[in-house]
Amino acid sequence: MARTVELPATSAEARDRVLALLRACHRQVDEVVVADALLITSELVTNALRHAGGVTGFAARIAGDRLEVIVEDASPVRPVVPSDIRDGRIGGYGWSLVRRLATSVAITPSADGKGIHVALRLT
C-alpha cells in the first residue's frame, strides 16, 4: 500500500519540510543556499495558495548536487513578471526572485492545473 504524504497547508509547513530534507542530507550546505531554497519554496507555495486555487501536489528531494522542489496547483495560468514594477510597489516580486535564485525552472501543464519544477544547485 502506498503511503500518502499530506500536502503542506501553509508555506511555513513546506519550508519546514525542505529544511528538514537539507539538514538530513549527508553534505554541508551553505546557509545562503539554504535561505535561497526556503525562499523559493515559500514563494511557490504562497503563490499557489493565493493565486492558483491551492497546492495540489508537493515534492522535495535531493538529486545529485541539486535540490528539486515541485509545487503543483489548480490553475493552468503560468506565473508572470508584472510589467509595471515600480519603486515602492508592494508585492509582485516573487516569481522574479524564484527565477533569479533557481538553477532551473520548468512549468508543466497537468490535467488539473500546472506543476512548477525548480532545481537549486547545492554546491
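Just to be sure I understand, how many residues within region 17-73 are over 16 Å from L97 (Cβ atoms), of a type in the set (A, V, I, L, M, F, W, C) and in a helix (DSSP H, G or I)?
Here the count works out to 6.
Exactly one condition in (1) in contact with a helix residue (DSSP H, G or I) (Cβ under 6 Å, 6 or more places away or on another chain); (2) modelled with pLDDT of 95 or more; (3) of a type in the set (A, V, I, L, M) is false for V81; which is it?
(2)
Looking at (1) of a type in the set (A, V, I, L, M); (2) over 12 Å from the mean Cα position of the chain (by Cα); (3) surrounded by 11 or more Cβ atoms within 10 Å (Cβ to Cβ), which is the only condition V32 fails?
Tallying (1) of a type in the set (A, V, I, L, M); (2) over 12 Å from the mean Cα position of the chain (by Cα); (3) surrounded by 11 or more Cβ atoms within 10 Å (Cβ to Cβ), V32 fails exactly one: (3).
Please work out if A14 is modelled with pLDDT of 95 or more, touching a Phe, Trp or Tyr at 6+ places or on another chain (Cβ under 9 Å), within 16 Å of I116 (Cβ to Cβ) and not in a loop (DSSP other than H, G, I, E, B).
yes
The values are calculated or read from the model by the stated rules, or taken from the named source; none is laboratory data. The structure displayed is predicted, hence computed values, not measured ones. So basically every Cβ, Gly included, is an ideal-geometry build from the backbone, and we count neighbours across all protein chains shown.
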